[in-house]
1. Exposure proxy check: THR16, THR80, THR172 ranked by fewest other beta carbons within 10 Å?
2. Once phi is turned into θ = phi - 60°, what whole-Hz ³J(HN,Hα) does the Karplus curve with 6.51, -1.76 and 1.60 give for every residue of region 54-63, x standing for Gly and Pro?
3. Please arrange LYS45, LYS18, LYS138 by how many other C-beta atoms lie within 10 Å of their C-beta, fewest to most.
4. As I understand it, the dipole of region 11-186 uses +1 on the Cβ of Lys and Arg and -1 on the Cβ of Asp and Glu, about the Cα centre. Which of VAL154, LEU96, LEU170 lies farthest toward its positive end?
5. To make sure I understand, if each residue's beta carbon is the centre and we count other beta carbons within 10 Å, what order do ARG88, ARG147, ARG185 fall in, fewest to most?
6. State log₁₀ I(q)/I(0) for region 11-186 at q = 0.12, 0.20 Å⁻¹ as given by the Debye formula over alpha-carbon point scatterers of equal weight, solvent excluded.
7. So what's the gap between the Cα centers of region 102-135 and region 56-88, to the nearest angstrom?
8. Pull out the extension gain between ALA29 and ARG147, defined as 0.36 nm times the separation in residues minus the alpha carbon to alpha carbon distance; nm, one decimal.
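Taken together, the values in this text are just the output of simple stated rules run on the coordinates, not laboratory data. If you're wondering where the values come from, they're calculated on a predicted model, not measured in any experiment. Cβ placement follows ideal geometry from the backbone for every residue including glycine, while neighbour counts extend to all protein chains displayed.
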Amino acid sequence: MLRDASGVREGVDTYTMKLVAIGLVLGIAVGYLHGGRLLQLSELKPRYAPLALAGLLLQLVNPPGSWPLVLLILSFVLLTAFTLANIRIVGFAAILVGVVLNFTVIAINGGMPVAREAIIASGQEGTLAPLLEQHGVKHHLAGSEDRMLFLGDVIAVPAPVSQVISVGDLFTYGGMAVVIAGSMRRRSSSSLLPTLAEAPRVKVS
């Protein structure tokens, strides 16, 4: 499927890349606004990080045929396992909710339904013809046969972003921003040593 404005092409799915970039930028911005430091991100060490990397890469790849849907489902399995393994880190619970919501609507409808009204509202009218001509494997124009459409791509984000996103996307990439912002504010144990050393000592007689 070819979606010129949204960035979905055979080869690389830049739609996902754009959402990841937005989540990263938002998280860093919020982290700085709350006094965080980018250096603190080095303290973030999530478990089984290769699962997340593999899951994202599978969503970026957009080969011909029915393979995109197979890879998309596999990516959700990997991302679910990753988020469950790191559920205790602030923000990962929101990511898990988003992954489950998106996986649910995709599994039920054989791909992500995209609302016509949202496409127009986001300024992507040029993608309607390709969606009508070629029923996309990963995304398709929403119809009367689609179920749980409220979980599909129905939220229009106007220019300069010009994207149509889902409720699951809000949770997923919002949670990513929370993870980054929270990690930028987290103080390592080594940074607390000078403070503890300077604390007044209480003499016990």
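1. Lowest count first: THR80, THR16, THR172.
2. With the stated coefficients, region 54-63 comes to 5, x, 5, 4, 5, 7, 6, 6, 9, x Hz.
3. The fewest-first ordering by Cβ neighbours comes to LYS45, LYS18, LYS138.
4. Checked the options; the winner is LEU96.
5. ARG88, ARG147, ARG185
6. -0.57, -1.40
7. Region 102-135 and region 56-88 have Cα centres spaced 19 Å from each other.
8. 38.8 nm
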